[in-house]
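A short worksheet on the structure shown next.
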Amino acid sequence: MRERLFKASGIIAAATLLSKVLGFIRDMTLARYFGASAETDAYLVAMIVPAVFFGAVGAGLTTVLIPVYNEYLNTKGKREAQRLANTVLNVSLIVLGLVLMLGLLFAPQVTRILARGFDVQRFRLTVYLSRLMLPIIVFMGLANWATAILQARQHFAAPALIGLPYNVILIMGYILAGLYWGITGAAIATVLAVFSQFAIQVPALRREGFRYQMVIDW
């Protein structure tokens, strides 16, 4: 166990450092291809909208799930712990799906609060981009859930790596969007980048023996 934790610590440190470097390159790439423009303003504000809706329901997902999952794992065994994990996953998907629909409906109202002073054209673009990126809510929930399960099982490497595909996809997305697709391409790349934070953890979940079940045990 000590050797595993020591190895994980090295991976986490290296991944964190590399993520910081890639994050700097990501911001430079956005500035290089879009600059201080109305499109950039709209995009940056639109990125906040999904976080606002997710924060209302998902901020404590990792914090709450880890100790409860550990308790089930230690007292009731792997089968019950996996049933709990699946229940939390399925309930989270239902709740986040409802929040997603609310976000689509109330995106103009939230944008109006976050983007005071925007002219009509910039406001409409922000609403359009925020609605385009709102599926991030679901993917953020999936990523946080996966992180909680893996950390509860003392698997820290995969959660530490989530920043790498996120930044790489955004860097490539900003370049292609700047050259061909415009700010809409940057928004789509953002959705894919957030989804990658969950996808990169799936192999580790499978190695830990997790199998998805369509179950909700109240």
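For region 152-166, indicate whether the set of residues that are surrounded by fewer than 22 Cβ atoms within 10 Å (Cβ to Cβ), of a type in the set (S, T, N, Q) and over 14 Å from the mean Cα position of the chain (by Cα) is non-empty.
So far as region 152-166 goes, yes, one or more of its residues are surrounded by fewer than 22 Cβ atoms within 10 Å (Cβ to Cβ), of a type in the set (S, T, N, Q) and over 14 Å from the mean Cα position of the chain (by Cα).
Looking at (1) over 19 Å from residue 195 (Cα atoms); (2) small (Gly, Ala, Ser); (3) assigned to a helix (DSSP H, G or I), can you tell me which one residue 117 breaks?
Unmet for residue 117, out of (1) over 19 Å from residue 195 (Cα atoms); (2) small (Gly, Ala, Ser); (3) assigned to a helix (DSSP H, G or I): (3).
Cβ contacts < 8 Å: first residue on the phi > 0 side of the Ramachandran plot, restricted to region 185-212; second residue part of a helix (DSSP H, G or I) and open to solvent by 20 Å² or more (accessible area, probe 1.4 Å), any location; separation 6+ or different chain. Result?
Qualifying pairs under 8 Å: 209/78; 209/82.
Tally time: how many residues in region 31-46 are in contact (Cβ under 8 Å) with a residue 40 or more places away in the chain and surrounded by fewer than 16 Cβ atoms within 10 Å (Cβ to Cβ)?
Residues in region 31-46 being in contact (Cβ under 8 Å) with a residue 40 or more places away in the chain and surrounded by fewer than 16 Cβ atoms within 10 Å (Cβ to Cβ): 2 in total.
Among the residues of region 52-93, how many are without any contact (Cβ under 8 Å) to a residue 24 or more places away in the chain, part of a helix (DSSP H, G or I) and closer than 20 Å to residue 134 by Cβ?
Number of matching residues: 1.
Go through 169, 188 for me and flag whichever is closer than 15 Å to residue 43 by Cβ, modelled with pLDDT of 95 or more and open to solvent by 40 Å² or more (accessible area, probe 1.4 Å).
None of the others qualify; the one that does is 188.
Results for (1) in contact with a Gly (Cβ under 9 Å, 6 or more places away or on another chain); (2) among the basic types (Lys, Arg); (3) exposed (fewer than 15 other Cβ atoms within 10 Å of the Cβ), shown as yes or no for each residue.
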position: 49; (1), (2), (3): yes, no, no
position: 54; (1), (2), (3): yes, no, no
position: 65; (1), (2), (3): no, no, no
position: 85; (1), (2), (3): no, no, no
position: 91; (1), (2), (3): no, no, yes
position: 98; (1), (2), (3): no, no, yes
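As an exercise: evaluate residue 206 against (1) modelled with pLDDT of 95 or more; (2) under 21 Å from the mean Cα position of the chain (by Cα) and give the number of the one condition it does not meet.
Among (1) modelled with pLDDT of 95 or more; (2) under 21 Å from the mean Cα position of the chain (by Cα), residue 206 violates only (1).
The values are calculated or read from the model by the stated rules, or taken from the named source; none is laboratory data. Keep in mind it's a predicted model, so treat the numbers as computed, not measured. Methodologically, a virtual Cβ is constructed for each residue, glycine included, from the backbone with ideal geometry; neighbour enumeration extends over all protein chains shown. For the accessible areas, the whole protein counts, side chains as well, though only heavy atoms, and no ligand, DNA or RNA atoms are used. Shrake-Rupley method; radii C 1.70, N 1.55, O 1.52, S 1.80 Å.
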